[in-house]
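One structure is given below, encoded as structure tokens.
The values are calculated or read from the model by the stated rules, or taken from the named source; none is laboratory data. Just so it is clear, the model here is predicted, and its values are computed rather than measured. Please note: Cβ atoms are built from the backbone with ideal geometry, for glycine as well, and neighbour counts cover all protein chains shown. Surface areas here come from the heavy atoms of the whole protein model, side chains and all, with no ligands, DNA or RNA. Shrake-Rupley method; radii C 1.70, N 1.55, O 1.52, S 1.80 Å.
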Amino acid sequence: MTKEIVVSGIRPTGKLHLGNYMGAVKNFVQMQHDFHCYFFIADYHSLTTHPNPADLHVNVRTVLAEYLACGINPEQCTIYVQSDLPQIPELYMLLNMHAYKGELERVASFKEKAKTQPDNLNAGLLTYPVLMAADIIIHKAVKVPVGKDQEQHLEMARTFGNRFNRIYQTAVFPEPFAFNYGTELVKVPGLQGGGKMSKSDGDNNVICLSDSPELIRKKMSKAITDAGPTEPNTPPSPAVQNLFDLMKMVSNHDTLKHFTDSYANCSIRYGDLKKQLAEDMITYLNPIRTKIEDIYNDTAYLGKVAKLGAEKAAASAEQTMAEVRAAIGFQKFYS
């Protein structure tokens, strides 16, 4: 039985954190056994914010090393760097010929960028959904693990693929749909008392997979709490509940029970809670952190993985592009 095709990408904008790992990458590790998976590092997408070339290279290398350290196996799936595939910008350009200014301007993420960065409203931001569509449909993906904030982009990928099929009277592209690989999405809370763990709220809000033990202890010591419970059995504040939720992920049951019980009877010491959580976080992440260091420093291995991924992804992409070119009417006059 042919496995369904899954595509997912991540922008190389910095180190992966616990939220990325628990919310997505752990699922990817399991998906690679159950589906035909393409996981890519979206370095073209990062160009909309004009990164420094040296930083871009380091960030791509970092994400590749982190993916591998987390258990993504290049023998089980295809992991590649987006810019290694010239077929992607080719399809991006062809899809742009039938993507219209009005529909792109109505995309929620573009309207938000127009408000927040009016001095850098470049064409790449406007056509971002087209590039994302090219990433997905070039491998004929039918499943795409995305969050709520990306569902509009996925809807547009279906629109562009269906439009191409209709215009050229072909069936090159199947429809891709969002899916959640599991019973429910894992929400990893941040350290600063707000919602999910995200770098948009600052570095102290996240625990990165490669953070040193010293840095984890420092970040945890700055985690937001409150003045403490004044009456027994009162519900924890959101900030304290965040810490309990993190403890559920990395600590054992007895440790969690000790601190939730001490909160309930008003004897909790937040300093002790944060110190214990820091040590449990260090223990939980240490195997991954060690692997990241070893893989990041192994230039030969990273090169081998990137080359293998590029070859596997290019074979898939070129097969699709041959169908696309034939549908459009591109034919060479020479052999």
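Just a few scattered comments:
- The chain: Cys lacking any partner C-beta under 4.7 angstrom: 70, 208, 266
- Applying 0.36 nm per residue to the separation of residue 75 and residue 170 and subtracting their alpha-carbon distance, the gain on full extension is 30.9 nm.
- Three-way shape call for region 30-153 based on the alpha-carbon gyration tensor, with the a/c threshold at 1.5: prolate
- With the whole protein complex present, residue 58 retains an accessible surface near 70 Å², based on a 1.4 Å probe.
- Derived scalar couplings between HN and Hα for region 79-89 equal 10, 8, 9, 3, 6, 7, 10, x, 5, 5, x Hz in order, rounded to whole Hz, by the Karplus curve 6.51 cos²θ - 1.76 cosθ + 1.60 (θ = phi - 60°), x for Gly and Pro.
- Carbon plus sulfur fraction of accessible area for region 44-120, probe 1.4 Å, in percent: 55 percent
- Taking the centroid of alpha carbons for each part, region 116-159 and region 167-231 are 21 Å apart.
- In nm, spacing of pseudo-spin labels at residue 318 and residue 262 (7 Å Cα→C-beta vector): 6.2 nm
- Note that region 7-105 presents 39 Å² accessible area per residue, ligands and nucleic acids not counted, probe 1.4 Å.
- Value of relative contact order over region 67-173, rounded to a whole percent, pairs C-alpha under 8 Å and six or more apart: 28 percent
- Available extension along the chain between residue 116 and residue 334 is 73.5 nm, counting 0.36 nm per residue and deducting the alpha carbon span.
- Net charge contributed by nearby residues that have their C-beta within less than 9 Å of residue 35 (K/R +1, D/E -1): 0
- Hz values of 3J(HN,Hα) by residue in region 221-227 - Karplus curve (6.51, -1.76, 1.60), Gly and Pro given as x: 5, 9, 4, 6, 10, 8, 7
- Contour excess over end-to-end distance, with Cα ends at residue 253 and residue 186 and 0.36 nm allotted per residue: 22.3 nm
- Distance between the 7 Å Cα→Cβ label points at residue 4 and residue 275: 4.9 nm.
- Highest-fluctuation residue, 136, 216, 268 considered, GNM on the chain with Cα pairs under 10 Å: 268
- Once the Cα atoms are used to define both axes, helix 270-296 deviates from the longest principal axis of the chain by about 30 degrees.
- For region 198-335, the relative contact order comes to 25 percent (Cα pairs under 8 Å, sequence separation of at least 6).
- Computed from the Cβ-Cβ distance with R0 of 30 Å, the FRET efficiency linking residue 198 to residue 284 stands at 0.95.
- A DSSP coil position with no more than 13 other Cβ atoms inside 10 Å describes the following trypsin sites (Lys or Arg not before Pro) in region 65-123: 106.
- Mean residue ellipticity (222 nm) of the chain, computed from DSSP H runs ≥ 4 via -39,500 (n - 2.57), nearest 500: -16500 deg cm²/dmol
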